[in-house]
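The values are calculated or read from the model by the stated rules, or taken from the named source; none is laboratory data. Note that the structure is predicted; figures quoted are calculated from it, not measured. Positions of Cβ are generated from backbone atoms using ideal geometry, with glycine treated the same way; all protein chains shown enter the neighbour counts.
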Amino acid sequence: MNPTGTLKVTTPTDREIAMTRVFDAPRNLVFEAYTKPELLKRWLGVHGGWSWAVCEIDLRVGGAYRYVWRGPDGTEMGMGGVYREVAAPERIVATESFDQSWYPGDAVSTTVIIEQGGRTTLTITVRYQSQEARDAVLKSPMEKGMAAGFDKLAELLASTLAQGIK
């Protein structure tokens, strides 16, 4: 099993990247931190001087999400997609498309959240349109950014649990 606090990145197929991290928190809380804008904005993409410009989530099948981050120099990075499957609190499937062409084509992201023994394993598997697209993402700073975001998520979960919110 993946130890708590360590991001594990694997390539299950020639078109997929899977990112897994274990958190010391209940699944419902991890799901909320992943799907509620007021919580998501506290951990995803907010390192190195980046901040949120837009965070919109319509969490239902056919609903859309839109994220825009602003860098310290004013540069914006945006992405969005449509939810294909929502099974709270264990699974979300959504399309993923960045405003800038970081990789060819769009992708589909499957998030699975499993709780066992008071610890929750979050696995995000992204399936790209080609091996070329997957390899382009592997060469990007994605892993470093996700690891930093998940560190912030762990801090958020710990502080929320310390406040007695479940």
Filter result (in a loop (DSSP other than H, G, I, E, B) and among the aliphatic types (A, V, I, L, M)) within segment 148-166: Ile165
Of all residues in segment 107-118 being modelled with pLDDT of 95 or more and not polar (S, T, N, Q), the one that is surrounded by the fewest Cβ atoms within 10 Å (Cβ to Cβ): Ile114
Number of the condition not met by Asp135 [criteria: (1) over 12 Å from the mean Cα position of the chain (by Cα); (2) in contact (Cβ under 8 Å) with a residue 40 or more places away in the chain]: (2)
Test: residue in segment 99-106 that is modelled with pLDDT of 95 or more and among the charged types (D, E, K, R): no
Some residue of segment 158-165 being modelled with pLDDT under 95 and under 16 Å from Thr35 (Cβ atoms): yes
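If you go through segment 113-127, how many residues are touching an Asp or Glu at 6+ places or on another chain (Cβ under 9 Å), outside any loop (DSSP other than H, G, I, E, B) and within 14 Å of Leu29 (Cα to Cα)?
6
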Wholly enclosed strands (runs of 3 or more DSSP E) of segment 1-111 bearing at least 3 residues out of contact with any helix residue (DSSP H, G or I) (no Cβ under 6 Å at 6 or more places or on another chain) and either in contact (Cβ under 8 Å) with a residue 60 or more places away in the chain or closer than 19 Å to Gly149 by Cα (or both): 16-23, 51-57, 64-70, 76-87, 91-98
Residue within segment 128-147 that is crowded, with 17+ Cβ neighbours inside 10 Å and part of a strand (DSSP E or B) present: yes
Any hit, segment 87-106, residues being of a type in the set (A, V, I, L, M) and surrounded by fewer than 16 Cβ atoms within 10 Å (Cβ to Cβ): yes
Only listed residue being within 22 Å of Arg27 (Cα to Cα) and in contact with a Gly (Cβ under 8 Å, 6 or more places away or on another chain), chosen from Ala88, Ala162, Ala154: Ala154
